[in-house]
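**Student:** The structure that follows is given in the form of structure tokens.
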Amino acid sequence: MIRSLAHACFIVADLERTRKFYCDGLGMKLAFEFKRDTGERYGFYLSCGGRTFLEFFKGAPGPRPEGVSYRHISLEVEDLDAAIAQLAAVGVEAKNKKLGNDKSWQAWTEDPDGNPIELHCYTPDSAQVKALESCK
């Protein structure tokens with residue numbers, strides 16, 4: 001029934017600052033933009049690979065409502081050390097690199113609006129890799 005995660009949507013204070021973080025810092029690609037009749041950009045989609053996207057709209061992010069269970073997004077990277085270095089090159093820190101209980105490498109950062117991001121790198125022993133193999 002479910003094919004894949006289609007997108008996750010965020011309200012951000014500054015679209016260009018957000019684009020720079022995700023595109024210049026994390027290497028994501030702009031898929032398309034939402035523009036008003038005046039030409040003003042009010043949102044965009046970034047490709048996460050395959051048919052998965054992150055969606056951003058300009059607005060005023062507020063505190064998380066009580067009871068919301070969202071904790072973070074996790075973005076798979078091919079090379080965790082390279083991703084950490086690429087972020088550092090644009091002035092963004094990724095920290096707490098460790099091998100998780102799922103046998104995947106992870107490090108943590110946050111986007112310009114404070115949304116937590118886990119950088120996630122599978123290993124041959126990752127629980128996720130083994131689960132995908134068993135689901136074939």
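Every number in this text was worked out from the coordinates using simple rules, so none of it is lab data. Note that this is a predicted model, so its numbers are computed, not measured. All Cβ positions, even for glycine, are placed from backbone atoms using ideal geometry, and neighbour counts span all protein chains on display.
**Student:** For Asn96 and Arg51, what is the calculated FRET efficiency with R₀ set at 25 Å and r taken between the beta-carbons, to the nearest 0.05?
**Tutor:** Numbers: r = 30 Å, r/R0 = 1.21.
After rounding, the FRET efficiency stands at 0.25.
**Student:** Turning to a different aspect of this structure: Between the alpha-carbon centers of region 116-136 and region 1-31, tell me the distance in whole angstrom.
**Tutor:** For region 116-136 versus region 1-31, the Cα centre distance is 22 Å.
**Student:** Out of the GluC sites (Glu not before Pro) in region 90-121, which ones are loop residues according to DSSP with at most 11 other C-beta atoms within 10 Å?
**Tutor:** Those satisfying the criteria are Glu93.
**Student:** Still on this structure, I have one more. Run the Debye formula on the Cα coordinates of region 71-136, all scatterers equal and no solvent, and tell me log10 I(q)/I(0) at q = 0.14, 0.15 1/Å.
**Tutor:** Cα-only, vacuum Debye calculation for region 71-136: -0.43, -0.48.
**Student:** Right, another one. Which whole-percent values make up P(r) of region 58-97 when all C-alpha to C-alpha distances are grouped in 10 Å steps starting at zero?
**Tutor:** 21, 34, 32, 12
**Student:** Relative to the longest principal axis of the chain, what angle (0 to 90°, nearest 10) does the C-alpha long axis of helix 80-89 take?
**Tutor:** So the helix axis and the longest Cα principal axis differ by about 30 degrees.
**Student:** Between their Cα atoms, which of Lys58/Lys95; Lys35/Lys95; Lys97/Lys130; Lys58/Lys98; Lys58/Lys103 are more than 26 Å away from each other?
**Tutor:** Result: Lys58/Lys95; Lys35/Lys95; Lys58/Lys98; Lys58/Lys103 exceed 26 Å.
**Student:** Turning to a different aspect of this structure: Evaluated at 25 °C with a viscosity of 0.890 mPa s, what Stokes-Einstein diffusion coefficient in µm²/s does the chain have when Rh comes from the Kirkwood expression over alpha-carbon pairs?
**Tutor:** Estimated diffusion coefficient is 150 µm²/s.
**Student:** Compute the whole-percent fraction of alpha carbon pairs in region 1-60 spaced more than 16 Å apart. Could you put the intermediate results ahead of the total?
**Tutor:** On the way: 788 of 1770 pairs.
That fraction is 45 percent.
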